[in-house]
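Some notes on the structure that comes next.
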Amino acid sequence: GQNIDQPTEMTATEGAIVQINCTYQTSGFNGLFWYQQHAGEAPTFLSYNVLDGLEEKGRFSSFLSRSKGYSYLLLKELQMKDSASYLCAVRFEVRGSYIPTFGRGTSLIVHP
Amino acid sequence: DVKVTQSSRYLVKRTGEKVFLECVQDMDHENMFWYRQDPGLGLRLIYFSYDVKMKEKGDIPEGYSVSREKKERFSLILESASTNQTSMYLCASSLSGGGETQYFGPGTRLLVL
């Protein structure tokens, strides 16, 4: 598999802004996804980036730099319900198929 | 809404048993995936399928096999369950082509004794 790195855990205060970084090997890159996963639940889609730049969707934004193999997920106006694991997933082309590979996830704890 | 269902939420099996995990999606997706999720290791791809009767190994296929006889159904088989296969198993599906997100099932927590 391809190496995808993201921090294991982050903490932040309700109402604040937090940035979760993700780095990956650039060879074969074909798109990057961010998912949110609450404890005991399935991952749910947050964002998709395939071109460089920022994608904004309400309180959540995702940024991609393909040349640097770098993405971040920005969460604004944090709420307690944002406490969850955030998964960075990169799709790579392997033998003609597009295979998504997940990072180990970043556990975000939002406290009052 | 896309719906991905898995046959069981919780399963307890004994070492050496043959185990079947079933996944069904109702959105006519071409791609289907099986992952296992373990603390500290994240989601790891076991097998995926991009069409009926087609399958490709993921990162950790050892000890597993899969079957896709119909487009909507993707089965994961543990031929002889072992304790190190105790894990959360997640099925996902997606359309083919670029930019298509995966939709995940609720997961099956398997305990092998």
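Every read-out reported here was derived from the displayed coordinates using simple, explicitly stated rules and does not represent laboratory data. Treat the numbers as computed from the prediction; the structure is a model and nothing was measured. Reconstructed Cβ throughout: ideal geometry from the backbone, glycine too, with neighbour counts over all protein chains shown.
Structure data summary
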quantity	calculated
Net charge dipole size for the range A:37-102 [Lys, Arg +1 and Asp, Glu -1 on Cβ; Debye, nearest 20]	120 debye
Percent breakdown of C-alpha pair distances by 5 Å bin, ordered from the shortest bin, for chain A	2, 13, 24, 24, 19, 10, 5, 2, 1, 0
Per-selection Rg to Rh, the protein assembly as shown - Cα, Kirkwood hydrodynamic radius	0.97
Least to most buried among B:L110, A:L73 (fewest other Cβ within 10 Å first)	B:L110, A:L73
Computed over the range A:37-96: relative contact order in percent, which uses C-alpha pairs under 8 Å that are six or more apart	27 percent
Counted charge near A:F29, where neighbours are those whose Cβ lies closer than 12 Å (Asp, Glu -1; Lys, Arg +1)	+1
Sparse-neighbourhood loop sites, GluC sites (Glu not before Pro) in the range A:32-112 - DSSP loop, at most 12 other Cβ within 10 angstrom	A:E77
Viscosity 0.890 mPa s, temperature 25 °C, Stokes-Einstein D of chain B from Kirkwood C-alpha radius, µm²/s	176 µm²/s
Point-charge dipole on Cβ atoms (K/R +1, D/E -1) for the protein assembly as shown, about Cα centre, debye to 20	440 debye
Lysines with Cα under 20 Å of A:K76, excluding same-chain neighbours fewer than 8 positions away	A:K57
Mean separation of Cα contacts under 8 Å, 6 or more apart, over the residue count of chain B: relative contact order %	36 percent
Dipole moment magnitude, nearest 20 debye, chain B about Cα centre, only Lys, Arg, Asp, Glu C-beta charged	400 debye
Counted charge near B:L78, where neighbours are those whose Cβ lies closer than 13 Å (Asp, Glu -1; Lys, Arg +1)	0
Under 22 Å between alpha carbons - lysine pairs in chain B that sit 8 or more apart or on different chains	14
Whole-number percent relative contact order across chain A, with pairs defined as alpha carbons under 8 Å at least 6 apart	37 percent
Distance from the range A:2-46 to the range B:12-53 (C-alpha centre basis), Å	22 Å
